[in-house]
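Peer 1: What follows is a single structure, and I will ask about it in a moment.
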Amino acid sequence: MENLPFYQEINNEAEIFEHAWRNKLPLLLKGPTGCGKSRFVEFMAGKLNRKLVTISCHEETSSTDLIGRFIIKGAETVWVDGPMTTAVKEGAILYLDELAEARPDVIVAIHSLTDHRRELFIDKLGETIKANPNFMLVASFNPGYQKGFKELKPSTRQRFIALSFQYPEAKTETNILEKESGIDHSNAKKIVAIGNKIRNLTELGLAETVSTRLLVDASVLIHSGLAKRQSMHVAVVEPLTDDEHTTTSLKDLCDLMI
């Protein structure tokens, strides 16, 4: 338990996760980029003492990449399990990060793992594998990202129980920055205030707003000795936008507040 990654619980999510695992229910984590979804899964895998298999979904990832394939080894052809098959067999926690980015064949492949069957069909082998009793499927999804383009179908969403994540309220986020970076309380409060100010500037039309992850990065740089304003510029402003006018406005805002 001493080696658990730091995670600040906000709304009883650890107990919900544990109940989902015990009851063999798949779990969907909904929330914006960098709000702690992946860290939460790492934390729970450590807490439950389960192996964690993480797959970052994208449009190039096929079901073959996840389930497995035949490879030529010497003079023979052998089957090699993919990460999903390994997780199902070993009773690991399988974390599909950004599930909405996955190709349709990946979504189809997980359907039989998300209902009462809890099984994986390997078409190339003509085999069906029953999931280990300890196996759990967790997926994450960013509902606000490219709205209308990368949505999960209701038929997929309703196979999961779901938890919503948001950026933490200021006091909690300040504590996270202190714990994650070692930065002092005064500077942590200022960084969080900047983060919240930018989040409320909806007129800037940013594709993504400031994540807790970016604020942690800025805190780490400041704690290591990089100048505060420069830390905010490179860790918060530059990753957010390429628009010159917006970049200048955000840098000016950071310079005024820290």
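Peer 1: Can you show me the helix-derived [θ] at 222 nm for the chain, built from DSSP H runs with n ≥ 4 at -39,500 (n - 2.57) apiece and divided by the number of residues, rounded to the nearest 500.
Peer 2: -11500 deg cm²/dmol
Peer 1: Is the shape of the range 103-236 best called rounded, prolate or oblate, per the rule: a/c under 1.5 gives rounded, else a/b larger than b/c gives prolate, else oblate, with a ≥ b ≥ c the square roots of the Cα gyration tensor eigenvalues? Write out the running numbers ahead of the final one.
Peer 2: Details: a/c = 3.01, a/b = 2.23, b/c = 1.35.
Judged from the Cα gyration tensor, the range 103-236 comes out prolate (a/c at least 1.5, a/b above b/c).
Peer 1: Of LYS24/LYS130; LYS30/LYS89; LYS73/LYS130; LYS190/LYS228; LYS51/LYS179; LYS171/LYS197, which sit over 21 Å apart, Cα to Cα?
Peer 2: In this structure, LYS30/LYS89; LYS73/LYS130; LYS51/LYS179 exceed 21 Å between Cα atoms.
Peer 1: Averaged per residue, what accessible surface does the chain expose to a 1.4 Å probe, in Å²?
Peer 2: Per-residue value: 52 Å².
Peer 1: Running a GNM on the chain with Cα contacts under 10 Å, which residue among PRO168, PRO83, PRO104 ends up with the highest mean-square fluctuation?
Peer 2: With Cα springs under 10 Å in the chain, the top fluctuation among PRO168, PRO83, PRO104 is at PRO104.
Peer 1: Based on Cβ point charges of +1 for Lys and Arg and -1 for Asp and Glu, what charge dipole magnitude is obtained for the range 16-164 about its Cα centre, in debye rounded to the nearest 20?
Peer 2: The calculation lands at about 520 debye.
Peer 1: Can you work out the FRET efficiency for the pair GLU169 and GLU76, with r the C-beta to C-beta distance and R0 = 51 Å, to the nearest 0.05?
Peer 2: Working: r = 59 Å, r/R0 = 1.15.
After rounding, the FRET efficiency stands at 0.30.
Peer 1: To continue, here is another question. Using a basic spin-label model with each label point 7 Å from the Cα along Cα→Cβ, how many nm lie between ALA193 and HIS245?
Peer 2: If labels sit at ALA193 and HIS245, their model points lie 2.8 nm apart.
Peer 1: In vacuum, with every alpha carbon of the range 189-258 counted as one equal point scatterer, what does the Debye formula give for log10 I(q)/I(0) at q = 0.11, 0.14, 0.15, 0.21 Å⁻¹? Two decimals, please.
Peer 2: Debye curve over Cα of the range 189-258, log10 I(q)/I(0) at q = 0.11, 0.14, 0.15, 0.21 Å⁻¹: -0.21, -0.35, -0.40, -0.80.
Peer 1: Pick from ILE71, ILE16, ILE183: which is most flexible by mean-square fluctuation in a GNM of the chain where alpha carbon atoms under 10 Å apart are linked?
Peer 2: The residue that fluctuates most here is ILE71.
Peer 1: A follow-up question, please. If you roll a 1.4 angstrom probe over the protein chains with everything in place, what fraction of the accessible area of the range 166-258 belongs to carbon and sulfur, to the nearest %?
Peer 2: Carbon and sulfur: 51 percent of the exposed surface of the range 166-258.
Peer 1: Let me ask something else. Of the residues LYS190, LYS153, LYS37, which exhibits the maximal mean-square fluctuation in a Gaussian network model of the chain defined by a 10 Å Cα contact cut-off?
Peer 2: LYS153
Peer 1: Using the Cα centre of the chain as origin and beta-carbon charges of +1 (Lys, Arg) and -1 (Asp, Glu), tell me which of VAL210, THR247, ALA102 is placed farthest towards the positive end of the dipole.
Peer 2: ALA102
The values are calculated or read from the model by the stated rules, or taken from the named source; none is laboratory data. What you are looking at is a predicted structure, and each value in this text was computed from that prediction instead of being measured. Cβ sites come from the backbone with ideal geometry, for glycine too, and all protein chains shown count toward neighbours. Keep in mind that these areas ignore ligands, DNA and RNA; they rest on the heavy atoms of the full protein, side chains included. Shrake-Rupley method; radii C 1.70, N 1.55, O 1.52, S 1.80 Å.
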